[in-house]
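Following: one structure in structure tokens, then a few remarks.
The values are calculated or read from the model by the stated rules, or taken from the named source; none is laboratory data. Everything quoted here is computed from the prediction, not taken from an experiment. As a convention, Cβ positions derive from the backbone with ideal geometry for all residues, glycine included, and neighbour counts pool all protein chains shown.
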């Protein structure tokens, strides 16, 4: 580097440049981590849904006035969704035992175009799903990607006709809005959150008053 | 001189262009994305920066880069951002973030040769030490996380990427030692 005077480093210019670099860098990292709160895409998705609930364009037949605990799955799954499947079975059992079926219901949404109504019916049978509590639905081809994008569900084709996807419990309120996502390893948290949603505090207090 | 300058510009531009054209296959895997595409953009930028070291832009930048601090600070922020899994994954879905990825890393590479030459060994060690430390910790985290950090990439891919980041951190540190050793030895002889 020749020491031309025009290229002589200046400490005040350098300080100013450093402030700019640091500000830009911090702003970028703020953006990438949603305000220094998340590093993984999945945590970011959950936070974004909690902050901005959204309506999923689900088939009208899948609508329900109860709180919905929805999961995305595909019927041939042998990995995560089969463990989610057995969690859903236990949840169904709890809902039956505690008589919660008019407050909460389960919905399994298949993103696999191969899952026709026969495949879903077969899966439902295999899971011993009680149709009053737990239903399965597919997605129309035209809406599939839209629903997945809105929910932030990313489906990766995997070898042997399998898929890898971000499984979780999706809580949908009575108005059809996706309001919260709970980790698939926390079915109890998901059920408790759904029950809390189904009974607003005021109504709950009222009901308790009546009970007394 | 002019020939080597031209070939430097050509090689740099070619590397960045290849990273751009081969975007789809490279970004289909987390390991290829992080360990091949991102370094290719940075190395492409460095070749351009080195070839254009006597340019007017380089002379202007030198005024803002006492002791190489500005270029090295850019290095730390740019590498930090692209090691955030969510930050990286946004480049798959948002074209603006993808453009920012190419721009920030190419610029990082372009600034680096001159900034390193302006920085003494202590300053180099501070910034490269931070970079390799951060890269190794990120790599260890990628391997240890039971869950996927990017929804677009499989867990196996994340683990391979983690191993690659640790290896890259060690290699960068080792390369710096090898590069600095002759200068340190020369200084010793003079003393």
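More than 8 Å from chain A (Cβ to nearest Cβ), assigned to a helix (DSSP H, G or I), farther than 30 Å from residue B:154 by Cβ and free of Cβ contacts under 8 Å to residues at least 24 places away in the same chain: does that describe residue B:57?
Yes; evaluated as a whole, the condition is true for this residue.
Considering (1) more than 10 Å from chain A (Cβ to nearest Cβ); (2) at pLDDT below 95, the lone condition that residue B:101 does not fulfil carries the number (2). Taking residue A:30 and the conditions (1) crowded, with 16+ Cβ neighbours inside 10 Å; (2) not assigned by TED's automatic domain parsing to the domain that holds residue A:156, which numbered condition does it fall short on, given that it satisfies the others? Unmet condition: (1). Looking at the stretch A:81-195, the strands (runs of 3 or more DSSP E) lying wholly inside it that each contain 2 or more residues that are more than 30 Å from residue B:27 (Cβ to Cβ) and under 20 Å from the mean Cα position of the chain (by Cα) sit at A:104-110, A:134-137, A:168-172, A:177-183. Being in a helix (DSSP H, G or I), touching a residue at least 12 places away in the same chain (Cβ under 8 Å) and under 24 Å from residue B:33 (Cβ atoms) is not true of residue B:62. Applying the condition of being within 18 Å of residue B:103 (Cβ to Cβ) and in contact with a helix residue (DSSP H, G or I) (Cβ under 6 Å, 6 or more places away or on another chain) to the stretch B:1-16 and asking which residue is surrounded by the fewest Cβ atoms within 10 Å (Cβ to Cβ) yields B:9.
Inside the stretch A:60-80, can you point out the residues that are farther than 22 Å from residue A:127 by Cα and touching a residue at least 40 places away in the same chain (Cβ under 8 Å)?
Just the residues of the stretch A:60-80 that are farther than 22 Å from residue A:127 by Cα, to begin with: A:60, A:65.
Result: A:65, single match.
Against the numbered list (1) over 13 Å from residue A:111 (Cβ atoms); (2) free of Cβ contacts under 8 Å to residues at least 24 places away in the same chain; (3) out of contact with any helix residue (DSSP H, G or I) (no Cβ under 9 Å at 6 or more places or on another chain), residue A:177 comes up short only at (2). Is there a residue being within 12 Å of chain B (Cβ to nearest Cβ) and more than 14 Å from the chain's Cα centre (by Cα) anywhere in the stretch A:53-70? No, the stretch A:53-70 has no match at all.
Within the option set B:19, B:66, B:51, being at pLDDT 95 or above, surrounded by 13 or more Cβ atoms within 10 Å (Cβ to Cβ) and over 20 Å from the mean Cα position of the chain (by Cα) holds for one residue only, B:66. Is it the case that residue A:158 is modelled with pLDDT under 85 and more than 28 Å from residue A:60 (Cα to Cα)? Answer is yes for this residue.
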